[in-house]
Amino acid sequence: MKITKSLFGKTNEGSEVELFTLTNNNQVTVKITNYGAIITSIETPDKNGNLTNIACGFEKFENYISTEYLGSYPYFGCICGRVCNRIAEGKFTLEGKNYSLAVNNGPNHLHGGLVGYDRRLFAAEMIQESEIVGVKLSYLSPDMEEGYPGNLKVSCTYTLNNNNELAIEYGAETDQTTIVNLTNHTYFNLTGGKEQILNHELQLPAKSFTLNVASIPTGEILPVEGTVNDFLTAKKLGKDIAGLEDGYDLNFVLDNNDGSMVYAGCLSEETSGRKVEVYTTQPGIQLYTGYWIPELIIDGQKKFGRYSGVALETQHFPDAINKPHFAPVTLAPGQKFFEKTIYKFGTK
């Protein structure tokens, strides 16, 4: 196993951006940049040993900051925070004080605001041990950044081992009561982008989901049985998608209330034979089938577009701060935020 570091580019402000390449002994290679803690690519072998990048991302840093990409921004591969997913109308109350955040997704606040963690530069520390290689990325989010209270020390540690497991560990500490909900927004396409993801098969153990109205949970938790949201038995993502206006963009309930590591799902694709298993300590997993991914011209070629990737975002539930019966997203001084997710790559 090995890890290497290279220069990936420079921000508009002139700061250097680094790229870390993690490689194990089974030809699995993961590339991560300290800009937005973004996973830029995940190269894995198919059933015939052919290597392909199965994550939506770019080979050049300039594409991540281009106006074309940011104009219809799909958050490829990044860490979303201080609070991922949506907060209704960008409003919440904490310890009797009302807070208003940027409204950047229709009437709601999404993925931390106008400039969330997805567009911040993290400090990086390489990890090389006998069983793992990785990188620890750290960022100090100042009090009232994007409207959130408290100075928040955030860390995101990526590690790869020879079991083909990419682990993501999130940590945070605050000096003032705040709210935190972190996820990674990697989109998978197990064909390496040759086809849309509608023929990918997904199996989720979740027996229920949070009912949405206009992308915000109502607070009701409903059973998946008898609905298009039933993935208890593996089925193709495209099977029931025609009846959904914008495809799937829904939080599934993992019945994991004590923060233990649980199985959260498996994505697979027949022609490549590839699969990705998901394990997490988080209580929910957001399935997003990429309806709004823009089609882009990259080096003269059309790339991406609708249904070109599927995100499996482990998280606390959307708008949890405004739903007292959802697992809490508050963090107080002296408490330590910790969550872990594992994506395990293999073949069927």
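The values are calculated or read from the model by the stated rules, or taken from the named source; none is laboratory data. Fair warning: this is a prediction, and the values are worked out from it, not measured in the lab. Don't worry about glycine lacking a Cβ; one is built from the backbone with ideal geometry, like all the others, and counts go over all protein chains shown.
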**Message:** Is it the case, given these coordinates, that residue 270 is assigned to a strand (DSSP E or B), of a type in the set (Asp, Glu) and either more than 21 Å from the chain's Cα centre (by Cα) or under 27 Å from residue 53 (Cα atoms) (or both)?
**Reply:** no
**Fill in**
Checked the stretch 170-226 for anything part of a loop (DSSP other than H, G, I, E, B), of a type in the set (Val, Ile, Thr) and in contact with a Pro (Cβ under 8 Å, 6 or more places away or on another chain); matches are 177
**Message:** If a residue must be more than 21 Å from residue 182 (Cα to Cα) and surrounded by 14 or more Cβ atoms within 10 Å (Cβ to Cβ), how many such residues does the stretch 21-46 contain?
**Reply:** 11
**Request:** Please determine, by comparing only the residues of the stretch 322-339 that are crowded, with 21+ Cβ neighbours inside 10 Å and out of contact with any helix residue (DSSP H, G or I) (no Cβ under 7 Å at 6 or more places or on another chain), which one is nearest to residue 158 (Cα to Cα).
**Result:** 339
**Fill in**
Flagged in the stretch 9-20 as buried (at least 17 other Cβ atoms within 10 Å of the Cβ) and on the phi < 0 side of the Ramachandran plot, in numbering order, are 17, 18, 19, 20
**Request:** Please state which of the following conditions residue 157 fails to meet, knowing it meets all the rest: (1) within 28 Å of residue 71 (Cα to Cα); (2) touching a residue at least 24 places away in the same chain (Cβ under 8 Å); (3) surrounded by fewer than 20 Cβ atoms within 10 Å (Cβ to Cβ); (4) among the hydroxyl-bearing types (Ser, Thr, Tyr).
**Result:** (1)
**Message:** Looking only at the stretch 267-290, filter to residues that are surrounded by 15 or more Cβ atoms within 10 Å (Cβ to Cβ) and out of contact with any Ser or Thr (no Cβ under 8 Å at 6 or more places or on another chain); which one of those is farthest from residue 237 (Cα to Cα)?
**Reply:** 283
**Pick from the stretch 213-243, criterion out of contact with any strand residue (DSSP E or B) (no Cβ under 8 Å at 6 or more places or on another chain) and closer than 17 Å to residue 200 by Cα, ranking: surrounded by the fewest Cβ atoms within 10 Å (Cβ to Cβ)** = 242
**Request:** Return a yes/no flag: does the stretch 247-266 have any residue that is small (Gly, Ala, Ser), surrounded by fewer than 20 Cβ atoms within 10 Å (Cβ to Cβ) and either more than 29 Å from residue 100 (Cβ to Cβ) or within 20 Å of the chain's Cα centre (by Cα) (or both).
**Result:** yes
**Filter result (of a type in the set (Asp, Glu), farther than 25 Å from residue 194 by Cα and out of contact with any Pro (no Cβ under 6 Å at 6 or more places or on another chain)) within the stretch 298-348** = 339
**Message:** Among the numbered criteria (1) in contact with a Cys (Cβ under 8 Å, 6 or more places away or on another chain); (2) surrounded by fewer than 21 Cβ atoms within 10 Å (Cβ to Cβ); (3) of a type in the set (A, V, I, L, M), which one does residue 79 miss?
**Reply:** (2)
**Message:** Restricting to the stretch 116-138, give me the number of residues that are of a type outside the set (Val, Ile, Thr) and buried (at least 20 other Cβ atoms within 10 Å of the Cβ).
**Reply:** 7
**Asked** List, please: which pairs have Cβ atoms under 8 Å, are six or more places apart or on different chains, and start with a residue in the stretch 216-227 that is farther than 24 Å from residue 109 by Cβ and modelled with pLDDT of 95 or more and end with one that is surrounded by 14 or more Cβ atoms within 10 Å (Cβ to Cβ) and among the acidic types (Asp, Glu)?
**Response** 224/230
**Message:** Any residue in the stretch 9-22 that is of a type in the set (Phe, Trp, Tyr) sitting within a Cβ distance under 6 Å of a residue that is buried (at least 18 other Cβ atoms within 10 Å of the Cβ) and in a strand (DSSP E or B)? List the pairs, counting only those 6 or more apart or interchain.
**Reply:** 20/32; 20/135
**Item:** Looking only at the stretch 303-315, and only at residues there that are out of contact with any strand residue (DSSP E or B) (no Cβ under 6 Å at 6 or more places or on another chain) and at negative phi, the one that is surrounded by the fewest Cβ atoms within 10 Å (Cβ to Cβ)
**Value:** 306
**Request:** List every residue pair whose Cβ atoms sit under 8 Å apart, with the two residues 6 or more apart in sequence or on different chains, where the first one lies in the stretch 71-100 and is under 19 Å from residue 327 (Cα atoms) and assigned to a strand (DSSP E or B) and the second, anywhere, is at pLDDT 95 or above and of a type in the set (D, E, K, R).
**Result:** 80/118; 80/313; 86/319; 87/319
**Request:** Kindly list, by first and then second residue, each pair from a residue in the stretch 256-274 that is on the phi > 0 side of the Ramachandran plot and free of Cβ contacts under 8 Å to residues at least 60 places away in the same chain to a residue that is assigned to a strand (DSSP E or B) and crowded, with 20+ Cβ neighbours inside 10 Å, limited to pairs with Cβ atoms under 7 Å and residues at least 6 apart or on different chains.
**Result:** none
**Prompt:** Here is a list of conditions, (1) more than 19 Å from residue 190 (Cβ to Cβ); (2) among the polar types (S, T, N, Q); (3) touching a Gly at 6+ places or on another chain (Cβ under 8 Å), and residue 289 meets all of them except one; can you say which number that is?
**Reply:** (1)
